[in-house]
1. Taking into account only those residues within the stretch 146-166 that are touching a strand residue (DSSP E or B) at 6+ places or on another chain (Cβ under 9 Å) and part of a helix (DSSP H, G or I), which is most open to solvent (accessible area, probe 1.4 Å)?
2. Take ALA37 and tell me if it is out of contact with any Lys or Arg (no Cβ under 6 Å at 6 or more places or on another chain) and over 15 Å from GLU177 (Cβ atoms).
3. Sort out for me the helices (runs of 4 or more DSSP H) sitting completely within the stretch 17-73 that have 1 or more residues that are buried (at least 16 other Cβ atoms within 10 Å of the Cβ) and touching a Pro at 6+ places or on another chain (Cβ under 7 Å).
4. So GLY76 passes all but one of these: (1) in contact with a helix residue (DSSP H, G or I) (Cβ under 6 Å, 6 or more places away or on another chain); (2) buried (at least 18 other Cβ atoms within 10 Å of the Cβ). Which condition number does it fail?
5. Given the options ALA48, ALA17, ALA57, name the one that is within 25 Å of the chain's Cα centre (by Cα) and farther than 30 Å from PRO146 by Cα.
6. Name every residue in the stretch 86-130 that is small (Gly, Ala, Ser), within 30 Å of ALA181 (Cβ to Cβ) and under 19 Å from the mean Cα position of the chain (by Cα), in order of residue number.
Amino acid sequence: MTQAVDDKTYAELQEIAARYPEPRSGLLPMLHLVQSAHGRITPEGIEACADILGISAADVSGVATFYTMYKRRPVGDYHVGVCTNTLCAVMGGDLIFERLKGHLDVGNDETTEDGKITLEHIECNAACDYAPVMMVNWEFMDNMTPASAVQLVDDLREGKEVTSTRGPRLCTWKEAERVLAGFPDGRVDEGPGAGPASLVGLELARENKWTAPRPGQPKAVEQAADSETTQEEGKKSD
């Protein structure tokens with residue numbers, strides 16, 4: 001069944017295109033908006049983007065099929081991604097993914113019969129210090145286990161409020177896609193911006209009173225500071 005682009009969505013697509021000096025630069029957030037309205041990339045959404053940007057539907061489709069965040073099949077209320085790249089896999093990501101496939105009775109990139117969960121194995125999320133990592137609608141769920149992963153999807157299916165590890169309360173897939181299109185949901189300041197593992201370097205710098213060179217600081221001053229540090233370390237080793 002096809003789904004036409006309604007007037008509100010079409011106007012918002014135009015609004016996105018108008019944000020950029022070169023309207024075509026708005027194609028990526030425009031595609032996210034299509035997904036927020038239709039739950040996936042539809043032929044009608046592709047045609048609307050092409051019409052607004054003055055490019056061909058083939059051009060739009062080429063972009064939509066290149067990036068894995070754009071889906072050609074309906075996505076559930078919660079897109080659950082399990083990182084199965086090297087470190088997460090070694091730390092248990094593969095086991096988590098297999099457990100969830102059995103628990104949800106779905107395969108990769110498939111949706112549960114109730115339309116609640118779409119499960120997908122995904123590549124590195126640049127959060128290796130929290131491995132194994134999952135994402136729900138692109139929000140982090142850190143240091144997961146097979147048991148906590150099962151509890152997570154059960155809570156989501158039951159409609160319970162779930163908060164991401166380093167972010168806000170989880171919203172639905174369509175709501176998340178609208179945020180990615182550039183329409184804030186007011187939750188940007190919810191939750192911590194970084195976890196303890198990400199802040200280790202900062203804490204070490206504070207303990208050792210390390211500072212970055214100031215803009216315009218002469219190279220000689222920087223080298224002198226390095227020399228003093230080396231001398232101090234030498235004294236300690238003696």
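The values are calculated or read from the model by the stated rules, or taken from the named source; none is laboratory data. Bear in mind the structure is a predicted one, so any value in this text is a computation, not a measurement. FYI the Cβ positions are ideal-geometry reconstructions off the backbone, even for glycines, and counts take in every protein chain you see. Accessible surface areas use protein heavy atoms only, side chains included; no ligands, DNA or RNA. Shrake-Rupley method; radii C 1.70, N 1.55, O 1.52, S 1.80 Å.
1. ARG157
2. No.
3. Per the criteria, 43-53.
4. Result: GLY76 passes all but (1).
5. On the way: ALA48 fails: within 25 Å of the chain's Cα centre (by Cα); ALA57 fails: within 25 Å of the chain's Cα centre (by Cα).
None of the others qualify; the one that does is ALA17.
6. Looking only at the stretch 86-130, we keep the residues that are small (Gly, Ala, Ser), and these are 89, 92-93, 102, 107, 115, 126-127.
Checking which are within 30 Å of ALA181 (Cβ to Cβ) leaves us with 93, 107, 115, 126-127.
Hits for the stretch 86-130 are GLY93, ALA126, ALA127.
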